[in-house]
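Okay, so here's the structure we're looking at.
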Amino acid sequence: MAPIATANRFLEEALRQELFPVTVVDTQGHGPDPGTEEWRQSETHQRRNACRAAGPLRYAYNSIDLSGDRQDELVATVIGPYACGTGGCNAYVFKSGPKQKGLRLVSQMSLFKPPLVVSDQRHNGWRDLISRVRIDAGHGYYTRLPYNGRSYPSNPSVPPAEPLRRPVSGVALLDTNDDTSSTHPLPCDRPAIAAALSSVLLSGTEWQLVAIQSMDDAQGITRPADPSRYSLRLQSDGRATLRLDCNTATGTWSVQPSADGSSGSFRFGPLAATGALCPPPSLGERLAAQAPFVRTFLVKDGRLHLSLLADAGILVWERKQPR
């Protein structure tokens with residue numbers, strides 16, 4: 001499976017935090033109070049400087065359900081002199097945090113050599129990972145990385161990693177050996193954190209469609225007979241899921257907010273949708289056709305307004321309350 005071609009700003013922030021841990025107190029324990037604006041600015045400044053000193057870095061990632069909870073984890077690798085040696089590079093497994101707020105590190109692995117194979121076999125409910133261990137140029141072997149209930153082994157060359165005794169089937173991810181594979185620059189600045197102004201309003205939220213407003217007076221406003229059959233879930237890791245009546249579409253979402261975070265530009269990445277024929281009347285096909293042309297958003301009076309390219313219309317969503 002090829003690495004995902006769309007950059008993930010939430011993943012980028014999580015990788016920066018893991019690669020460049022910083023402290024904002026001096027050797028005497030003096031510094032700004034944690035959580036204050038001064039503390040956040042100092043942390044950001046130190047992490048940015050450490051990142052710049054590390055030199056250019058790139059990353060690749062895939063999403064796959066490892067834990068069996070029907071929610072994809074993210075697996076990623078970072079490529080560059082700072083993160084790699086002769087034995088391999090760093091690899092990471094992330095899970096969406098509580099209530100879809102940010103990403104939580106499950107495991108970090110050193111000496112990673114692509115690809116990473118996800119086996120159908122499981123330990124403690126999580127699928128095994130298979131990684132290659134380099135001995136020298138042209139020589140190596142594969143090891144199984146079982147989940148121990150908290151994390152995967154951090155080093156594939158030593159126990160509890162287990163050398164494979166026989167072939168196993170699985171899905172190959174993070175295949176960065178292919179020159180055409182998708183890798184992305186890991187920026188040292190935080191463009192995603194400007195977008196995080198909006199994530200306060202949007203990340204980890206779920207909405208249901210209440211109206212499609214057309215700029216054509218002849219069409220007017222179309223309201224779904226059952227709004228619950230048309231929903232939009234915006235996850236904090238940058239993934240989006242749309243329910244389109246009897247179909248489902250998955251992809252990515254991104255924002256560039258205005259100063260107050262309540263409006264700005266909005267884009268869906270490529271959406272992959274199922275193709276069932278929904279009984280009429282259905283707005284599923286219309287919504288699927290219009291979603292790629294969303295260009296701006298506005299959150300007002302508890303509703304999310306997604307405006308289409310060239311004033312073609314507005315998709316109006318209402319916040320779904322947690323059950």
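The values are calculated or read from the model by the stated rules, or taken from the named source; none is laboratory data. As the structure is a computational prediction, the values presented were derived from the model and not from experiment. All Cβ positions, glycine included, derive from the backbone under ideal geometry; neighbour counts span all protein chains shown. Note: areas computed on protein heavy atoms with side chains; ligands, DNA, RNA excluded. Shrake-Rupley method; radii C 1.70, N 1.55, O 1.52, S 1.80 Å.
One chain, two ends: S228 and R267. Fully extended at 0.36 nm per residue, the span grows by 11.8 nm beyond their Cα-Cα distance. How large is the helix-only mean residue ellipticity at 222 nm for the chain, computed as the sum of -39500 (n - 2.57) over DSSP H runs with n ≥ 4, divided by its residue count, in deg cm²/dmol to the nearest 500? Estimated from H runs of four or more residues: -4500 deg cm²/dmol. Considering only V93, V106, V158, the mean-square fluctuation computed in a Gaussian network model of the chain, springs between alpha carbons under 10 angstrom, is largest for V158.
For the residues G275, G313, G170, a GNM of the chain with alpha-carbon springs under 10 Å puts the largest fluctuation on G275.
Quick check on region 226-323: take the gyration tensor over C-alpha atoms, sort the square-rooted eigenvalues as a ≥ b ≥ c, and tell me if it's rounded (a/c under 1.5), prolate or oblate. It comes out prolate by the Cα gyration axes. As a calculated quantity, the FRET efficiency between A218 and T274 at R0 = 22 Å, using C-beta atoms, amounts to about 0.10. For the chain, the carbon plus sulfur part of the accessible surface works out to 52%, probe radius 1.4 Å. Inter-part distance, region 199-253 to region 255-319, computed on C-alpha centroids, equals 6 Å. When peptides 114-120, 126-132 are ranked by their average number of other Cβ atoms within 10 Å per residue, the highest-first order is 126-132, 114-120.
Under a Gaussian network description of the chain, with springs only between Cα atoms under 10 Å, the residue in L277, L232, L111 that fluctuates furthest is L277. Once the Cβ-Cβ distance between E18 and Q71 is put in as r, and R0 is 22 Å, what FRET efficiency do you end up with, to the nearest 0.05? Here the calculated transfer efficiency is 0.60. What the chain shows is 51 Å² of accessible area per residue, with the surface traced by a 1.4 Å probe over protein heavy atoms.
Note on C188: accessible area approximately 30 square angstrom, rounded to 10, probe 1.4 Å, nucleic acids and ligands left out.
Which value, in nm² and rounded to one decimal, describes the direction-averaged projected area of the C-alpha convex hull of region 31-89? In nm², the orientation-averaged hull projection of region 31-89 is 6.7.
Among the listed options (i) 38, 26, 17; (ii) 32, 21, 20; (iii) 28, 25, 18, the one matching semi-axes √(5λ) of the Cα gyration tensor in Å as calculated from these coordinates is (i).
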